[in-house]
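Written below as structure tokens is the structure these notes are about.
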Amino acid sequence: MNKIIKTTLTVMMLVVALVTINSSCTKQFDAPPAYVAPNIKANTTIRQLKALHTVSGNITQVKTDVIIRGIVNADDKSGNQFKSIVIQDETGGILMRMEGNSLYTSYPIGQEVFIKCNGLYLGDYNKLIQLGGGADMTVTPANLLTIPSAIFNKHIIKGSAGNVLVPKNVTVDQLSTNMQDTLQNVLIRLSNYEFAAADTGKTYANATTNPPGSVNFVLRDCSSNSITLRNSGYADFAAIGVPNGNGSVTSIYTVFGSTKQLTMRDTSDFNFNGPRCTAGGGSGGGGGNGGGTGNLLNETFETQIVPAATPFNAIVITDWNNLAETGTQKYFARSFGTPVNKYAQLSAFGSKENIVTSWLVTKAVNLGSFATKTLNFDTKAGFANGATLKVLVCSNYTGAGNPWATGVTWSELTAAFSPGSAAGFPATFTSSGDVSLNSYSGTIYVAFKYEGADPTGAGDKTTTWQLDNIKVSGN
Ligand SMILES: [Ca+2]
């Protein structure tokens, strides 16, 4: 009897050990502790707080227990924001001047924050209202100082992470330079805009000058509407060419005095891939792109929202398609590392689906009249056991509907893919190398097709593929 109990115990321990080994093999990251909401409530809206600041140039200290709540809509990750983050609630937005760099590691886009404003200072920079940590009254106009990092935790209480902000679709007429405008420092989207033809060969800012220089562009729509886009030379996208087409731009609406401005977060805020307003003008004779370098597509996934723990979000990018052909698996936005990098990830693991075939299809890419057209992307294959990722290109997809439908013709491209690691993840992403698109012209779509399997029993092909930095450039 004793022996039976002992044997049973041994078997049970073996089972426990096997389960532990199995889960430790497949668990890729330690789960963070469960989220507990802070015990704090806002008693004031951002609009009400901003209403306390009526005279441009004044700086006043908040001396009552005002608490606002907001979601971070822009951080300093790309470097286009400097020593600041921007938050918004349902009533408006406000910029917070904060000491230090890499603020995004604590206050990334999507982070909910409660601001205990008592003791902080309210001011403006050329009529854009800001919250700061002090005032330098020795200069004219007085200078609003940053909030010292030592008192971040006293004034900034973190709530939930990974909140998704939907940009407000607006027209430029709805934006005003009134200091109390409720759209200032709010995430907005303007449609049917483009860079001036003379600017299409330029980069987002001047990265190569010393010091790097900010650049102002005027974006125009096909009527006579326009708005200024101002980019910092310190932004990590400063050296990238601006997009040539026409489309929507998502940005933080800001003002500089009486100038209406956009502050972009990253290049993925631009979706300028449609035909330009005056197709016969700038591109007449096929020379519209001559001499310039075009950044036709550049997706870094950095504006995706990645919660600290499950459930993660499927990748959502305007005019992209993230679709499961067989099974139900989609590409998810995930992140890793310090500083954090975001990417698209898909694995058949845990799906229990016999066949997992999934597509991530880019928006339309207009190859224009460039002579040399190149695709680049990075991949990493973890826990590799046979699931494949292919890169495909198509000229007759419409951008909507099933890319695998009959009559939609995809061609597989030859590219370098991550060699993969069976035991975990390779340390680095593998560059695809320059994949030529020279045999294509006009509008194309690029697709990444995952093919795996997670059947009961043998035959697993559950490799976790990670995909980043999808770029099409013309020269
Ligand atoms: Ca990335």
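The values are calculated or read from the model by the stated rules, or taken from the named source; none is laboratory data. Note that this is a predicted model, so its numbers are computed, not measured. Counting neighbours? That spans all protein chains shown, and the Cβs are built from the backbone with ideal geometry, glycine included. Only protein heavy atoms, including side chains, enter the accessible area calculation; ligands, DNA and RNA are left aside. Shrake-Rupley method; radii C 1.70, N 1.55, O 1.52, S 1.80 Å.
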Rounded, prolate or oblate for the stretch 99-149? Axes are the square roots of the Cα gyration tensor eigenvalues, ordered a ≥ b ≥ c, and the cut-off for rounded is a/c under 1.5.
prolate
Counting other C-beta atoms within 10 Å, and keeping those with at most 12, which DSSP coil GluC sites (Glu not before Pro) do you find in the stretch 88-165?
Glu90
In the chain, once you exclude exposed trypsin sites (Lys or Arg not before Pro) (DSSP loop, at most 12 other Cβ within 10 angstrom), what's the longest stretch remaining?
64-351
On a full-extension model of 0.36 nm per residue, what is the gain between Asp173 and Ser224, subtracting their alpha-carbon distance, rounded to one decimal in nm?
17.2 nm
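What number comes out for accessible area per residue over the chain if the probe is 1.4 Å? Units Å², please.
Numbers: 21920 Å² over 475 residues.
Computed with neighbouring chains in place, this is 46 Å² per residue.
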Filter the chymotrypsin sites (Phe, Trp or Tyr not before Pro) in the stretch 357-420 to those in DSSP coil with at most 15 other Cβ atoms within 10 Å of their Cβ, and list the result.
Trp404
Whole-Hz ³J(HN,Hα) from phi, Karplus 6.51 cos²θ - 1.76 cosθ + 1.60, for the stretch 264-269, glycine and proline x:
6, 8, 7, 5, 6, 6
Row for the stretch 53-110, column shape: gyration tensor on C-alpha, a ≥ b ≥ c, rounded if a/c < 1.5 i.e. under 1.5, prolate if a/b over b/c, else oblate; value prolate
If you plug each phi of the stretch 123-135 into the Karplus form 6.51 cos²θ - 1.76 cosθ + 1.60 with θ = phi - 60°, what whole-Hz ³J(HN,Hα) values come out, in order, with x for Gly and Pro?
x, 8, 10, 6, 6, 9, 5, 9, 10, x, x, x, 9
Given the options Thr328, Leu413, Asn341, identify the residue whose Cα lies farthest towards the positive end of the charge dipole of the stretch 294-433 (+1 on Cβ of Lys, Arg; -1 on Cβ of Asp, Glu).
Asn341
Under 12 Å from the Cβ of Leu392, count the other residues' Cβ atoms, weight Lys and Arg +1, Asp and Glu -1, and hand me the total.
0
With all protein chains present, the stretch 97-144 has a carbon and sulfur share of its accessible area (1.4 Å probe) in percent of 45
Read phi for every residue in the stretch 229-241 and hand back ³J(HN,Hα) as whole Hz from Karplus 6.51 cos²θ - 1.76 cosθ + 1.60, θ = phi - 60°, with x for Gly and Pro.
10, 10, 10, 7, x, 8, 5, 6, 9, 4, 8, 7, x
Which listed pairs, of Lys260/Lys471; Lys50/Lys260; Lys202/Lys260; Lys342/Lys373, have C-alpha distances above 20 Å, in listed order
Lys260/Lys471; Lys202/Lys260; Lys342/Lys373
Once you charge only the Cβ atoms, +1 for Lys and Arg and -1 for Asp and Glu, what is the size of the charge dipole of the stretch 121-268 about its Cα centre, to the nearest 20 debye?
220
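At 222 nm, what value in deg cm²/dmol follows for the chain if DSSP H runs of at least 4 each add -39500 (n - 2.57) and the sum is divided by all its residues, to the nearest 500?
-2000 deg cm²/dmol
Please give me the summed charge of the neighbours of Asn354: other residues whose Cβ is under 14 Å from its Cβ, Lys and Arg +1, Asp and Glu -1.
Net charge around Asn354: -3.
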Rg [Å, one decimal], Dmax [Å, integer] - the chain, C-alpha atoms
25.2, 93
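Which value in Å is the Kirkwood Rh of the stretch 379-432 over different Cα pairs? The partial results should precede the final answer.
Numbers: mean 1/r = 0.0765 Å⁻¹.
Over the stretch 379-432, the inverse of the mean reciprocal pair distance is 13.1 Å.
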Dipole magnitude of the chain about its Cα centre, charges +1 at Lys/Arg Cβ and -1 at Asp/Glu Cβ only, in debye to the nearest 20?
700
